[in-house]
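These notes are about the structure you will find just below.
The values are calculated or read from the model by the stated rules, or taken from the named source; none is laboratory data. For clarity, every value in this text was computed on a predicted model and none was experimentally measured. All Cβ positions, even for glycine, are placed from backbone atoms using ideal geometry, and neighbour counts span all protein chains on display.
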Amino acid sequence: MRNRWAIGILLGALVLFLDFFVKNWVVAHLLPIRGGLYPYGGIGILQSMNGFQIALVHATNTGAAWGLFSDFQMPLLILRIVLVFALLGYLIFFNKNKSIVIPLLLVVSGAFANILDYFRFSHVVDSFKIVFWGYHYPVFNVADSAITIGIIWLFIYALVDRKKTA
């Protein structure tokens, strides 16, 4: 159990560091996204590989995923803080399943990084623009990636665990 906690804490710290570094660099060096063609006002990373594009951009998000609930910033911030503390409380005091420590700590560290943005910038800074064969995926950041990876990991674990017990 200690190894999973150590790995989870190290991954969480890495997420916080990378997210902080990328967001600070983006805010200092790029203007907010204006749309247009590749690289969308940012720096091109991959222009076109079979219809796949990646650019580093500066986008702001005052809501949740995809800008949802942007008119409710304070309740959204409070909800995020409560959820982070609830997940940490569950992990520390109630969780008996060592297999979910790392993915839950990824979710917590990603959520915490986005919470810090509200106190630093009054919005979340997103920085990765991806286009899949003409579909413009919503701009995201390192913290969002950690949350997504953690949730997918938990979902896969639940499916695999269900098959084992059946």
- Task: Could you grab me the full set of residues in the stretch 57-75 that are touching an Asp or Glu at 6+ places or on another chain (Cβ under 6 Å) and either exposed (fewer than 15 other Cβ atoms within 10 Å of the Cβ) or at pLDDT below 80 (or both)?
- Result: none
- Query: Among the helices (runs of 4 or more DSSP H) confined wholly to the stretch 52-165, which include 3 or more residues that are aromatic (Phe, Trp, Tyr)?
  - Reply: 101-121, 142-165
- Task: Would you check which residues across the stretch 140-159 are under 13 Å from Asp126 (Cβ atoms) and crowded, with 17+ Cβ neighbours inside 10 Å and list them?
- Result: Phe140, Asn141, Val142, Ala143, Asp144, Ile147
- Task: Determine, yes or no, whether Asn24 is out of contact with any Lys or Arg (no Cβ under 7 Å at 6 or more places or on another chain), polar (S, T, N, Q), surrounded by 16 or more Cβ atoms within 10 Å (Cβ to Cβ) and within 17 Å of Phe128 (Cβ to Cβ).
- Result: no
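Modelled with pLDDT under 95, buried (at least 17 other Cβ atoms within 10 Å of the Cβ) and aliphatic (A, V, I, L, M): which single residue out of Val125, Val108, Val131 fits that description?
Values: Val125 fails: modelled with pLDDT under 95; Val108 fails: modelled with pLDDT under 95.
Answer to the check: Val131.
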